[in-house]
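What follows is a single structure, written as structure tokens, with notes after it.
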Amino acid sequence: MPSVAKEDMNFQGISIRDSAALDFVSLGGLVHRLDPGVIPFRKAHECKIHVSGGEFNVAANLSDCFGLRTGIVTAMVKYPIGDLVAERVRAMGVVPFYKFFDHNGVNGPNIAAVYSDKGFGVRAPLVFYNRANEAAAQLKPGDFNWDEIFAAGVRWFHSGGIFAALSDTTAELIVEAMQAAKSSGAVVSFDLNFRAKLWKLRGGEEHARKVLARILKHVDVLVGNEEDLQKGVGVSGPDAVATSKLDPRTFLETIEKVVEKYPHIKIVVTTLRAVHSTNRHDWGAVAWINGKSYVSQQCELHVYDRIGGGDGFASGFFYGVLTGESPENAIKLGWAHGALLTTFPGDTTMATLDEVRALASGGTARVQR
């Protein structure tokens, strides 16, 4: 990790501790994703297993690619699927803070399963879930000793909308954790990750906005595209229609209404993606940082597996902020890491920091000898 000043860093109005036992801690649910590749599930004979979770992915990426010290606060189940998931957490170098659940051998509690094929060409990927009796959904305030977790110092705390949507108690746990994080001096971020299928089970968009409003009161850095902002925050879209999916105007005009409601939020970021086919996307990113807008370069992606690309962007951007990069460089690092992540199987990174920096500075895919 690059050296920083002995005094706390200041990034565009956000004070960041210069050192702590952990650079980054996430709160969220772990899942295992079954992936039959380009074969649809109705015809599949075998699957690969990826360990994932929107909040975990960011912690794993920051550890494995960017070399930061990260942790995950989550549920863990004592059965073979739990063992598989815990092994992957260790392999990515993430420090776990688990609440353990005993599996009854029949119906749980379970580590959730996500099913997602890759699609191909004009056939889009299909994602569906089995989150029945999910252990993470049973997490509640009081399950973790936040004073102990934050005792040695945490620079950045993160959670997301997928975890908030799992149950009434998970949303309350996020609020409890964010309050503890703010008291300890950590930066607090939240990825809206609005999933209509999950919120539909709990009252739809109207209920989601009420839940998320309580969470957003504590947030410094918000991740979410214009659809996330409109559905999750409850702001209307701009009058002017963007000329393309990579035009940042829709996002930036929506942000104005978001910060009117939550003026304490200092940063809002998202990716920009135009999907021409499952395997060919145009890719960019945009950030609103303390009143100023920053737009990344753009490129055409040849996508191997799109799942996790947004988490890859957030990881690279957070790394840039945590290590004192300029806003321009932070968004480039996020853009580059998110782009690279779509070239690997699975939800978490296989990139190196050198590869990220090379792409961020204008590198190409020419063979490296």
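The values are calculated or read from the model by the stated rules, or taken from the named source; none is laboratory data. Values in this document were obtained by computation on a predicted structure and should not be read as measured data. For neighbour counting, all protein chains shown are included, and Cβ atoms are generated from backbone atoms with ideal geometry for every residue, glycine included. Note: accessible area is taken over every heavy atom of the protein model, side chains too, but ligands, DNA and RNA are not part of it. Shrake-Rupley method; radii C 1.70, N 1.55, O 1.52, S 1.80 Å.
Observations on the structure shown:
- Of residues in region 53-74 being open to solvent by less than 10 Å² (accessible area, probe 1.4 Å) and among the small types (Gly, Ala, Ser), the one nearest to residue 355 (Cα to Cα): 60
- Within region 47-102, the residues that satisfy the criterion of being in a helix (DSSP H, G or I), among the acidic types (Asp, Glu) and farther than 20 Å from residue 321 by Cβ are 83, 87.
- Neighbours by Cβ (under 6 Å, 6+ apart or cross-chain): first from region 10-21, among the aliphatic types (A, V, I, L, M); second at pLDDT below 90: 16/9; 21/152
- None of 82, 53, 37 is out of contact with any strand residue (DSSP E or B) (no Cβ under 6 Å at 6 or more places or on another chain), modelled with pLDDT of 95 or more and among the small types (Gly, Ala, Ser) except 37.
- Residue 247 vs. criteria among the acidic types (Asp, Glu) and more than 21 Å from residue 124 (Cβ to Cβ): yes
- Of everything in region 103-115 that is in a loop (DSSP other than H, G, I, E, B) and either among the aromatic types (Phe, Trp, Tyr) or buried (at least 19 other Cβ atoms within 10 Å of the Cβ) (or both), the residue that is nearest to the chain's Cα centre (by Cα) is 111.
- Verdict on residue 118 being basic (Lys, Arg), in a strand (DSSP E or B) and open to solvent by less than 70 Å² (accessible area, probe 1.4 Å): no
- Condition check for residue 260 on (1) at pLDDT below 90; (2) open to solvent by 40 Å² or more (accessible area, probe 1.4 Å); (3) acidic (Asp, Glu): one failure, at (1).
- Of all residues in region 27-46, those being of a type outside the set (Asp, Glu) and assigned to a strand (DSSP E or B) number 5.
- Scanning region 246-257 for residues that are of a type in the set (A, V, I, L, M, F, W, C) and either at pLDDT 95 or above or open to solvent by less than 10 Å² (accessible area, probe 1.4 Å) (or both) returns 251, 255.
- Test: residue 95 is in contact (Cβ under 8 Å) with a residue 40 or more places away in the chain, under 30 Å from residue 354 (Cβ atoms) and open to solvent by less than 10 Å² (accessible area, probe 1.4 Å): no
- Here is the figure for region 277-303: residues that are loosely packed, with under 14 Cβ neighbours inside 10 Å and within 16 Å of residue 120 (Cα to Cα) total 3.
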